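Coordinate-derived values only; no laboratory data. Keep in mind that what you see is a predicted model, and the values were worked out from it rather than measured. Don't worry about glycine lacking a Cβ; one is built from the backbone with ideal geometry, like all the others, and counts go over all protein chains shown.
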Amino acid sequence: MNLLVLPGVYAPQDDTALLAEALAEEPLAPGARVLDVGTGSGALALAAARRGARVTAVDVSRRAVATVRLNARLAGLRVRAVHGDLFAPVSAETFDLVLANPPYVPAPPTGREPRGAARAWDAGGDGRLVLDRICRDAPPLLRPGGALLLVHSALSDAGRTVGALRAAGLRTAVTEHRWVAFGPVMRARQSWLRDRGLLTDEDDKEELVVIRAERQR
């Protein structure tokens, strides 16, 4: 899929591709309601729209929202793109499928919230600044039989994510995983991550996982 990506907007990468593969395997009825939260360029939102879903895309970046609208228009697809912080714009709605590729890279403390483009990857000292919010706030948005597909790094504790979603009553498992070479952000933080015990001296790849959590009917 050819996409335009405005400066400062998260461009599709390995995590996007892995989540897109999980989306392709997901049964999705025509007219199903899909939420793509932290949409970035809108790659996943457009993939769902191509399958006939009614898609809402949310991002905290106004440039990302503009990017999604532009890409949807160029592709001739209908996607409702809204600006807001995570689930705030859709808190009164429910969905058949929620897609999430949130920030998950552990980041050295700065004493302030991530800003600018870094909002797409910086996620606090343990990488769970947004992940824990998703585990808490996504389950009520799922319709009976609805599912959450969430991608993040194993460095951010996939077991904790699985446990939190199971505790919320969802049937949860890791369904996809892939080892990928470090990108620029990870390479820049290797020393700090080693000091934290999250990497060894030999590590030069990162494991990405997709977690699927389904609300029972």
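Considering only region 94-118, state which residues are within 21 Å of Gly183 (Cβ to Cβ) and of a type in the set (S, T, N, Q).
Of everything in region 94-118, those that are within 21 Å of Gly183 (Cβ to Cβ) and of a type in the set (S, T, N, Q) turn out to be Asn101, Thr110.
In region 152-174, how many are under 16 Å from Asp14 (Cα atoms) and out of contact with any Ser or Thr (no Cβ under 8 Å at 6 or more places or on another chain)?
Taking region 152-174 as the starting set, the residues that turn out to be under 16 Å from Asp14 (Cα atoms) are 152-155.
So of that shortlist, the ones also out of contact with any Ser or Thr (no Cβ under 8 Å at 6 or more places or on another chain) come out as 153-155.
Matching residues across region 152-174 total 3.
If we scan region 62-72, do we find a residue that is closer than 20 Å to Ile134 by Cβ and not aliphatic (A, V, I, L, M)? Before you say what the answer is, go through the steps one by one.
Filtering region 62-72 down to residues closer than 20 Å to Ile134 by Cβ leaves 64-65, 68.
Pick out the ones that are also not aliphatic (A, V, I, L, M) and you get none.
No, region 62-72 contains no residue that is closer than 20 Å to Ile134 by Cβ and not aliphatic (A, V, I, L, M).
Looking only at region 75-127, how many residues end up being over 30 Å from Glu206 (Cβ atoms) and either of a type in the set (Asp, Glu) or touching a His at 6+ places or on another chain (Cβ under 9 Å) (or both)?
Number of matching residues: 3.
So Gly116 fits all but one of (1) more than 21 Å from Ala17 (Cβ to Cβ); (2) surrounded by 15 or more Cβ atoms within 10 Å (Cβ to Cβ); what number is the exception?
For Gly116, the failing item is (2).
Given the structure, is Arg178 of a type outside the set (A, V, I, L, M), in a helix (DSSP H, G or I) and either over 17 Å from Gly40 (Cβ atoms) or free of Cβ contacts under 8 Å to residues at least 40 places away in the same chain (or both)? Steps first, please.
Details: of a type outside the set (A, V, I, L, M): yes; in a helix (DSSP H, G or I): no; either over 17 Å from Gly40 (Cβ atoms) or free of Cβ contacts under 8 Å to residues at least 40 places away in the same chain (or both): yes.
Against the criterion (of a type outside the set (A, V, I, L, M), in a helix (DSSP H, G or I) and either over 17 Å from Gly40 (Cβ atoms) or free of Cβ contacts under 8 Å to residues at least 40 places away in the same chain (or both)), Arg178 does not qualify.
Within region 175-191, track down each residue that is of a type in the set (A, V, I, L, M) and surrounded by 15 or more Cβ atoms within 10 Å (Cβ to Cβ). Even if it seems obvious, please write down each step before you answer.
Here is the first cut: in region 175-191, the residues of a type in the set (A, V, I, L, M) are 180-181, 185-186, 188.
Hits for region 175-191 are Val180, Met186.
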